[in-house]
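The values are calculated or read from the model by the stated rules, or taken from the named source; none is laboratory data. Nothing here was measured: the structure is a model prediction, and the numbers come from that model. FYI the Cβ positions are ideal-geometry reconstructions off the backbone, even for glycines, and counts take in every protein chain you see.
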Amino acid sequence: MFDESKKFFSVPLEEKMKLSKKEHRGYTALYAEKLDPTSRAQGDLKESFYIGPLDDEACNLNQWPSKELLPNWRPTMEAYYRKVMSAGKVLLSLIALALNLDDKFFENMGALGKPLGFLRLLHYPGDITRYNEEILGASAHSDYGMITLLSTDGVPGLQAWPTLSENLSVCRDKDRQPRVWEDVPHIEGALIVNVGDITERWTNCLFRYRTFHAFLDLQRTCRNRLFPVSLHVITALHSQHDAAFFFDPPADLLVECIESCCSASNPPRFPPIRAGDYLQERFRLTYA
C-alpha cells in the first residue's frame with residue numbers, strides 16, 4: 001500500500017491537481033488544511049488523498065488516478081480499505097465488551113449499518129526549511145469520528161498528549177497547560193488506534209481521545225499529527241507517509257451518552273447531536 005501511495009505523491013503537482021478534493025474525495029495540496037484553528041501557521045505541511053466508501057452509491061464519488069499512470073493503484077487501495085474496515089468493526093465490538101455491553105451493541109444501535117469509512121493517504125515532504133514560523137506536519141487535533149486506524153512507515157515524529165487520569169475532570173480540561181507530549185512508538189505490522197470524539201461522547205469520557213501532532217525536527221524527520229511545537233529553524237531530512245482510516249457512524253445517527261456510562265452523580269457531559277452535524281462542523285473549522 002505504501003509503495004503505491006508513494007508513487008502517487010511523486011507524480012507532478014499538475015497531475016495530482018486533476019484529482020482535487022470534491023465531496024471529501026481526492027487530493028489536497030500542501031497547506032490546504034489547518035487542524036488547529038488557533039495555529040498561526042498558514043496551514044499544515046502535508047498533502048493527502050481521500051478515498052471514501054466503496055460498496056454503495058457513494059463509491060461513485062471516489063476519484064482515482066488513471067490506469068495508464070498507476071495501473072495497480074486502485075485495486076491496492078480498495079483491498080487495503082476493506083481489510084481495515086473489517087478490523088475497525090472488530091475493534092468496536094471489543095470496545096462494547098470493555099463497557100460490559102453485548103459485542104454487537106454498536107451494530108444494533110445502527111453505528112455499523114452503513115458506516116462512513118474514509119481512507120486518507122498522507123505525505124509529509126522532506127527537504128523543506130522554514131524560518132521563524134511554527135511548522136507542523138499536522139497541527140494539534142483530535143480525530144472526529146468513532147475510531148481511527150493509523151498505519152505509519154516507521155519514521156519518528158508522531159506524538160500524543162495523553163489524557164489518562166483517574167480524575168475524569170481531565171476530560172473537561174483538554175486545553176490546560178503545559179502540554180506534555182509523548183512519542184508514539186512504531187511497531188512493525190501494527191496499527192495505531194485513536195479514539196475519536198464520537199466514542200468519547202458515547203462513553204462520557206470513559207474512552208477519551210488523545211491529542212496528537214506531528215512535528216518537524218532538525219534531528220528527527222517530519223511526521224504527522226497534532227499540536228503546535230514552535231521551532232525557529234526546521235528542516236525535514238526525509239519525506240514520510242502514513243495511511244489513516246477514519247471510521248465514522250452514519251450521518252443520521254443520533255450520538256448521545258450510552259445509558260450505562262452515566263448516572264445521577266456522573267451525568268452526560270455532552271448534549272445529543274447527529275453524527276453528520278458534528279462531523280460537518282469539525283470539517284468546516286478545519287478547512288475555513
When segment 104-135 is examined, which residues are found to be aromatic (F, W, Y) and either touching a strand residue (DSSP E or B) at 6+ places or on another chain (Cβ under 7 Å) or modelled with pLDDT under 80 (or both)?
F118, Y124, Y131
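With within 20 Å of the chain's Cα centre (by Cα), at pLDDT 90 or above and of a type in the set (G, A, S) as the only criterion, which of A87, A160, A96, A138 stands out? So that I can check it myself, show each step before the final result.
Details: A160 fails: at pLDDT 90 or above; A96 fails: within 20 Å of the chain's Cα centre (by Cα); A138 fails: at pLDDT 90 or above.
The conditions single out A87.
Pull up segment 184-222, narrow it to residues that are charged (D, E, K, R), at pLDDT 55 or above and under 23 Å from S93 (Cα atoms), then point me to the one that is farthest from the chain's Cα centre (by Cα). Spell out how you get there, then give the answer.
Start the filter on segment 184-222 by keeping residues that are charged (D, E, K, R), which leaves 188, 197, 200-201, 208, 210, 217, 220.
Restricting the remaining residues to those that are at pLDDT 55 or above gives 188, 197, 200-201, 208.
Next, from what is left, pick out any that are under 23 Å from S93 (Cα atoms): 197, 200-201, 208.
Numbers: D197: 11, E200: 15, R201: 17, R208: 15 Å.
Looking at the filtered set, the residue picked out is R201.
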Working only within segment 51-63, note down all residues that are without any contact (Cβ under 8 Å) to a residue 40 or more places away in the chain and crowded, with 17+ Cβ neighbours inside 10 Å.
N62
Here is a list of conditions, (1) part of a helix (DSSP H, G or I); (2) more than 23 Å from K21 (Cα to Cα); (3) not aliphatic (A, V, I, L, M), and N100 meets all of them except one; can you say which number that is?
(1)
